[in-house]
Structure formats: C-alpha cells, structure tokens
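S.K.: Here it is, the structure, as structure tokens.
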C-alpha cells in the first residue's frame, strides 16, 4: 500500500543503481530514514537532479510504499548546503556525521529531535564552525542513540560533578581524582578534553554559535571518544578513516611548512 505524504528531509547519501538511476537515502523529519528510487537523474532536464544531492535540506512530497523502495514526487524550499558539497574537508566531516546518524537509526522510525539536531549541525558546519568539534558533538550525543551511555555527568564512584576527571574504560565512565586508583589503566586524558566531552553530552546544539578548541585538546577529545566507540559501539565507517588520513596529511603539510 502506498501513501503520499509531505515532510522536511535531509539527503543523507546517494548511490548509483544500474546505469542511469539512483538510490537516495533521505532522513524525513516525520517518517524517519528511507531509501528512494530515482529514475534517470543524470538527464539534464531531470527536475530532481539537484534535489537528491547529499547535504540538501528540502520539503519533500514522497510516495511511501509499505514494502520495497519509495519514490520522490516533488520537492520545494530546497536548501543545498553548498559549502559542504564543494569543500573536501567539510564534505568529509558531513559525510561521517550523516553516516553515523544513519548507522544509529532503524528505517522508518520517526526521530524529529535527532532530525532537528542534524539539520542544525550541518548548517553550522556549512557556515564554517570547526568540523572536528561538530563531529565530536554528534559522536557524544549519538551514544545514547546507539544504546550505550558511559557515565559522563560525574564520577562513576562517588557521583561528584565538579573538578577534573579522567575516563575509565573498565568502569565505563569518569573518575574524580579521589578515585583514580580504581583503575590503574585509566586513559590519563587531558582534563580540558574531558571537560569539553562532558559539555557536549549536555549541549543544546541550537544555542551553539561559536566554539574554539586548541588542536592539542581536539586530539585528546578524539582519543577519548574513539576509545568509547571502539569499546562500546563498534561502528567503523570508511568516512572516519578518510578523516583520520586527511588530518594526518594536514599535520604533515604543517610540519613541512614549519
């Protein structure tokens, strides 16, 4: 049975199907993520060609089929995030963020709150906010979506919520200095990095306007977050590997210029 519905949506990804056609994954605010079949989108007169590009936000009219693929009927209020589409660095971060959101969701399950966060996060990335910071915010916030949530509010032993903390893989949460001895193999993370991660867990991304984090602290944040994902989530996306390679290239170029 097919239903014609309208909803705001974000194009997450696109891949070729046969010679001329495409499969397009769209996160609809009111209906969750679905795969859509688009025929002949390479033709110059195809009116949907621009709408189905990744990092496009639009109001879609779609035909939802209860089984199999669905179809796009029309789109309006089209907002392509052109800086993400055209900049290799922004594109890499955006691809990973969308891929992570995709991996955290089941098909056809509405998630309007997550949709709003993704739309705002991509717009901030498009406007020029630090790509790694936006990525880290989503990595932290999506832990709950993946069904895991290490204790990031305070010490996992005494529940203290002020002062400095370190992360314990064994206890899946933070330790205050008084309880560092509970895990001899705690991460020895920079307290500043742990502070930002704690803030990201509680952050209302709608209120984020600018944020400045040093490269040193960003490196530490990534180390802690990667440890959590490796141990608790187990999701490995190719786009994350590309970001790591991209960061290595940037560091090599900087060292060469210095």
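The values are calculated or read from the model by the stated rules, or taken from the named source; none is laboratory data. For clarity, every value in this text was computed on a predicted model and none was experimentally measured. Neighbour counts run over all protein chains shown; Cβ positions are idealised from the backbone, glycine included.
S.K.: Are there any pairs, at least 6 apart or on different chains, whose C-beta atoms fall under 9 Å, with the first in the stretch 111-133 and on the phi > 0 side of the Ramachandran plot and the second crowded, with 20+ Cβ neighbours inside 10 Å, and if so, which?
M.R.: 128/90
S.K.: Now for a separate question. Please find, among 222, 244, 254, the residue that is at pLDDT below 95 and under 30 Å from residue 171 (Cβ atoms).
M.R.: Details: 222 fails: at pLDDT below 95; 254 fails: under 30 Å from residue 171 (Cβ atoms).
One residue alone meets the criteria, 244.
S.K.: Is it true that residue 13 is touching a residue at least 60 places away in the same chain (Cβ under 8 Å), outside the structural domain of residue 113 (by the TED database) and more than 25 Å from residue 120 (Cα to Cα)?
M.R.: no
S.K.: For the stretch 55-69, name all the residues that are in a strand (DSSP E or B) and either at pLDDT 95 or above or touching a helix residue (DSSP H, G or I) at 6+ places or on another chain (Cβ under 9 Å) (or both).
M.R.: Filtering the stretch 55-69 for residues in a strand (DSSP E or B) gives 56-65.
Answer for the stretch 55-69, where residues must be in a strand (DSSP E or B) and either at pLDDT 95 or above or touching a helix residue (DSSP H, G or I) at 6+ places or on another chain (Cβ under 9 Å) (or both): 56, 57, 58, 59, 60, 61, 62, 63, 64.
S.K.: Of all residues in the stretch 204-238, how many are within 16 Å of residue 130 (Cα to Cα) and in a loop (DSSP other than H, G, I, E, B)? Quick ask: steps written out before the conclusion?
M.R.: The initial filter retains those residues of the stretch 204-238 that are within 16 Å of residue 130 (Cα to Cα), namely 205-222.
Applying the additional criterion that residues be in a loop (DSSP other than H, G, I, E, B) yields 208-214.
The number of residues fulfilling the criteria is 7.
S.K.: Check residue 211 against each of (1) within 22 Å of residue 162 (Cβ to Cβ); (2) surrounded by fewer than 14 Cβ atoms within 10 Å (Cβ to Cβ); (3) at pLDDT below 95 and name the one condition it does not meet.
M.R.: (2)
S.K.: For residue 9, which of the numbered conditions (1) surrounded by 17 or more Cβ atoms within 10 Å (Cβ to Cβ); (2) at pLDDT 95 or above; (3) not in a strand (DSSP E or B) fails to hold?
M.R.: Here residue 9 clears every test but (3).
S.K.: So residue 162 clears everything in (1) in contact with a helix residue (DSSP H, G or I) (Cβ under 9 Å, 6 or more places away or on another chain); (2) assigned to a loop (DSSP other than H, G, I, E, B); (3) within 23 Å of residue 214 (Cα to Cα) except one condition, right? Which one?
M.R.: Of everything listed in (1) in contact with a helix residue (DSSP H, G or I) (Cβ under 9 Å, 6 or more places away or on another chain); (2) assigned to a loop (DSSP other than H, G, I, E, B); (3) within 23 Å of residue 214 (Cα to Cα), residue 162 misses just condition (1).
S.K.: Test each condition in (1) assigned to a helix (DSSP H, G or I); (2) surrounded by 13 or more Cβ atoms within 10 Å (Cβ to Cβ); (3) within 26 Å of the chain's Cα centre (by Cα) for residue 179 and report the one that comes out false.
M.R.: (3)
S.K.: Does the stretch 207-220 include one or more residues that are within 20 Å of residue 121 (Cα to Cα) and within 16 Å of the chain's Cα centre (by Cα)?
M.R.: Yes: one or more hits.
S.K.: Residues to consider are 70, 76, 7; find the one that is over 19 Å from residue 106 (Cβ atoms) and in contact with a strand residue (DSSP E or B) (Cβ under 8 Å, 6 or more places away or on another chain).
M.R.: Just one listed residue meets the conditions, 76.
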